[in-house]
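Have a look at the structure below, then the notes.
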Amino acid sequence: MSLPGSLVECLAKHLSDHLARPVDIEQEVPVGGGSINDAYRLETNEGRYFVKVNRADRYPSFFAAEADGLRRLGSTSAIRVPDVIAVGEDHDDSYLLLEWVASGPRTPAFWEAFGRSLAALHRHGAPSFGLDQDNYIGTLRQVNTQHAVWTEFYVQCRLEPMVAKARDRKRLGGGDVLRFERLYSQLDALFPKEAPALLHGDLWSGNFMCDAEARPVLVDPAVYYGHREMDIAMSGLFGGFDRELITAYNAAWPLETGWEERVDLCNLYPLLVHTNLFGDSYAQQVQAILRRFT
């Protein structure tokens, strides 16, 4: 499968403008880009680049939100992300053109560097929880209305929208909704008070890389300012992260006492997202956490 000719021309122009010299795209090589978008490695006379493509009407502003997230993470200089070269639309296609990041083997120091870098990222804060715009987590709209209190944000912008969607899709029942309502009143006492931290927001093993210099690289963000335990909890949800990351993180910025007991509370959100995207097995995990806390 190849890219439309008009899109190839559009991407070549972006690259030429970016480098201030003519760029020819010699080949578009399909690569793994997840289940949402088509992804290609662009072979050019000036090296390799990466582009994601989707239908422009499928997920409005999807790539614009991703580009914004990458730029926010990159502006901290805490951890590497791919440089955003261009984002836009060409006829029926939307696209996100990025720097190509060559991968390499993980050295013994990789996880330590990852933990320290993640802690440095989380030290970038904001006056309120949320973001000045909504974005996406997976293919679902992520509500980021700003709140002064973490638990209010977590309930109103994370849990309630996903619970309502799961109820409407008949993946959660009325009893589950009642248990969530009981849980909401407990959250303020369960979470320690912390300032808003800049989060990756979707920190599972498919969303990081090890570059050719063995540095951690974050991709596919769902950024917002939230409780830093959200990123920490999700890193353990689906596996793929070494325990050394947490050790290094705690050495750089210790987590509050009891964080391990709050992991399931934090992971209710990504589990609800997966319940809405994929169904019953994730709903069962949600229900087990609700039984534990209510």
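The values are calculated or read from the model by the stated rules, or taken from the named source; none is laboratory data. This one's a predicted model, so the numbers in the text were calculated from it and none came from an experiment. Don't worry about glycine lacking a Cβ; one is built from the backbone with ideal geometry, like all the others, and counts go over all protein chains shown.
For the range 146-159, give me the residue count where each residue is in a helix (DSSP H, G or I) and either surrounded by fewer than 17 Cβ atoms within 10 Å (Cβ to Cβ) or in contact with a strand residue (DSSP E or B) (Cβ under 7 Å, 6 or more places away or on another chain) (or both). Full working, then the answer.
As a first pass, look at the range 146-159 and keep what is in a helix (DSSP H, G or I): 150-159.
Narrowing the set further to residues that are either surrounded by fewer than 17 Cβ atoms within 10 Å (Cβ to Cβ) or in contact with a strand residue (DSSP E or B) (Cβ under 7 Å, 6 or more places away or on another chain) (or both) leaves 150, 152-153, 156-157.
Summing the residues that are in a helix (DSSP H, G or I) and either surrounded by fewer than 17 Cβ atoms within 10 Å (Cβ to Cβ) or in contact with a strand residue (DSSP E or B) (Cβ under 7 Å, 6 or more places away or on another chain) (or both) in the range 146-159 gives 5.
Could you run through the range 186-209 and say how many residues are polar (S, T, N, Q) and within 20 Å of residue 148 (Cβ to Cβ)?
1
Kindly indicate whether any position in the range 228-235 is touching a Ser or Thr at 6+ places or on another chain (Cβ under 9 Å), at pLDDT 95 or above and buried (at least 20 other Cβ atoms within 10 Å of the Cβ). Steps first, answer last, please.
The initial filter retains those residues of the range 228-235 that are touching a Ser or Thr at 6+ places or on another chain (Cβ under 9 Å), namely 235.
Filter once more, so that each one left must be at pLDDT 95 or above: 235.
Those still in the list that are buried (at least 20 other Cβ atoms within 10 Å of the Cβ) too: 235.
For the range 228-235, residues touching a Ser or Thr at 6+ places or on another chain (Cβ under 9 Å), at pLDDT 95 or above and buried (at least 20 other Cβ atoms within 10 Å of the Cβ): present.
Just give me the residues in the range 174-200 being among the acidic types (Asp, Glu), farther than 23 Å from residue 285 by Cα and in contact with a Leu (Cβ under 8 Å, 6 or more places away or on another chain), in sequence order.
none
For the subset of the range 65-84 comprising residues that are of a type in the set (S, T, N, Q) and assigned to a loop (DSSP other than H, G, I, E, B), which member is farthest from residue 142 (Cα to Cα)?
Taking the range 65-84 and keeping what is of a type in the set (S, T, N, Q), we get 75-77.
Among the residues that remain, those that are also assigned to a loop (DSSP other than H, G, I, E, B) are: 76-77.
Details: 76: 22, 77: 25 Å.
Residue satisfying both the conditions and the ranking: 77.
Being in contact with an Asp or Glu (Cβ under 7 Å, 6 or more places away or on another chain), in contact (Cβ under 8 Å) with a residue 24 or more places away in the chain, assigned by TED's automatic domain parsing to the domain that holds residue 165 and not polar (S, T, N, Q): is that true of residue 228 here?
Yes; evaluated as a whole, the condition is true for this residue.
Filter the range 15-48 for residues that are out of contact with any strand residue (DSSP E or B) (no Cβ under 8 Å at 6 or more places or on another chain) and polar (S, T, N, Q) and give the result.
Across the range 15-48, the qualifying residues are 16, 35.
Only one residue in 101, 87 is surrounded by 15 or more Cβ atoms within 10 Å (Cβ to Cβ), assigned to a loop (DSSP other than H, G, I, E, B) and modelled with pLDDT of 95 or more, so which one is that? Before the answer, list the steps.
Details: 87 fails: assigned to a loop (DSSP other than H, G, I, E, B).
Just one listed residue meets the conditions, 101.
If I filter the range 59-75 for residues that are among the polar types (S, T, N, Q), modelled with pLDDT of 95 or more and touching a strand residue (DSSP E or B) at 6+ places or on another chain (Cβ under 6 Å), do I get at least one hit?
no
Output the residue which, of all residues in the range 244-294 that are of a type in the set (D, E, K, R) and free of Cβ contacts under 8 Å to residues at least 60 places away in the same chain, is surrounded by the most Cβ atoms within 10 Å (Cβ to Cβ).
264
So which pairs qualify, if the first residue must be in the range 114-132 and under 16 Å from residue 194 (Cα atoms), the second must be modelled with pLDDT under 95, the Cβ gap must be under 9 Å, and the two must be at least 6 apart or on different chains?
Close Cβ pairs (under 9 Å, with a partner that is modelled with pLDDT under 95) do not exist here.
Looking only at the range 181-215, filter to residues that are closer than 17 Å to residue 69 by Cα and not aliphatic (A, V, I, L, M); which one of those is farthest from the chain's Cα centre (by Cα)?
Filtering the range 181-215 down to residues closer than 17 Å to residue 69 by Cα leaves 196-204, 206-209.
Filter once more, so that each one left must be not aliphatic (A, V, I, L, M): 196, 200-202, 204, 206-208.
Details: 196: 17, 200: 5, 201: 4, 202: 3, 204: 8, 206: 10, 207: 7, 208: 10 Å.
Only one residue tops the list, namely 196.
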